[in-house]
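Here the structure comes first, spelled out in structure tokens, and everything after it is commentary.
The values are calculated or read from the model by the stated rules, or taken from the named source; none is laboratory data. In this text the structure is predicted, and so the values were computed from the model without any measurement. Note that each Cβ is placed from the backbone with ideal geometry, even for glycine, and that neighbours are counted across all protein chains shown. Please note that ligands, DNA and RNA were not included when accessible areas were found on the heavy atoms of the full protein model with its side chains. Shrake-Rupley method; radii C 1.70, N 1.55, O 1.52, S 1.80 Å.
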Amino acid sequence: MKRLFHAALLLSLAPLLAVAAEPAALTLEGAWVRALPPGQPNTAAYFTATNSGAVAVTIVGASAAIAASTEIHTTREVDGLQRMEQVAQLQLAPGQSLPFAPGGTHLMLMGLAQMPAPGEQVQLCLELAGGAQVCTLAEVKKSAGNGQSHEHHQH
Ligand SMILES: [Cu+2]
């Protein structure tokens with residue numbers, strides 16, 4: 001009786017193991033990090049994450065080479081104020097694209113040794129459920145515009 005129970009348990013776990021063995025099919029595009037005035041301890045990173053695979057992908061964490069810690073944040077309006085909240089994990093269905101954008105979901109880079117300067121590149125990595133990591137190089141910019149060589153002065 002007990003042996004039968006174990007066999008049934010193993011069978012039910014098999015599909016889960018097969019899913020975990022699929023290579024991660026998450027792609028990160030258009031990554032950029034906002035350059036804030038030097039001395040600011042934190043900044044944010046943005047990109048579009050797309051699950052191009054056939055199974056759901058769960059993002060469970062993030063890291064950036066320049067930050068002591070990196071959190072996934074979402075922005076929510078509470079009593080007319082924009083508040084950032086940490087998100088433990090995000091799931092993307094097959095084919096789903098999720099924008100990390102100003103005013104919405106973003107990566108929060110905290111405890112910077114030094115604020116990166118416009119034109120520099122910063123490595124960002126997302127950790128996925130199952131242990132895989134997906135990394136991209138993000139361009140440091142002052143704003144979302146493509147002001148790579150021309151900086152727009154903000155008045
Ligand atoms: Cu944030």
Listing of strands (runs of 3 or more DSSP E) fully contained in region 47-103 that carry 1 or more residues being of a type in the set (A, V, I, L, M, F, W, C) and either in contact with a helix residue (DSSP H, G or I) (Cβ under 6 Å, 6 or more places away or on another chain) or open to solvent by 50 Å² or more (accessible area, probe 1.4 Å) (or both): 57-64, 67-78, 81-86
Which numbered condition Leu28 fails, given (1) within 16 Å of the ligand (Cβ to nearest atom); (2) crowded, with 17+ Cβ neighbours inside 10 Å; (3) within 19 Å of Gly145 (Cα to Cα): (1)
Extreme residue, nearest to the chain's Cα centre (by Cα), among residues of region 104-128 that are open to solvent by 30 Å² or more (accessible area, probe 1.4 Å) and within 16 Å of the ligand (Cβ to nearest atom): Met110
Tally of residues being within 18 Å of Leu28 (Cβ to Cβ) and not in a loop (DSSP other than H, G, I, E, B) across region 112-126: 6
Where a residue in region 116-128 is at pLDDT 95 or above and its partner, wherever it lies, is basic (Lys, Arg), with Cβ under 7 Å and at least six apart: Pro118/Lys141; Pro118/Lys142
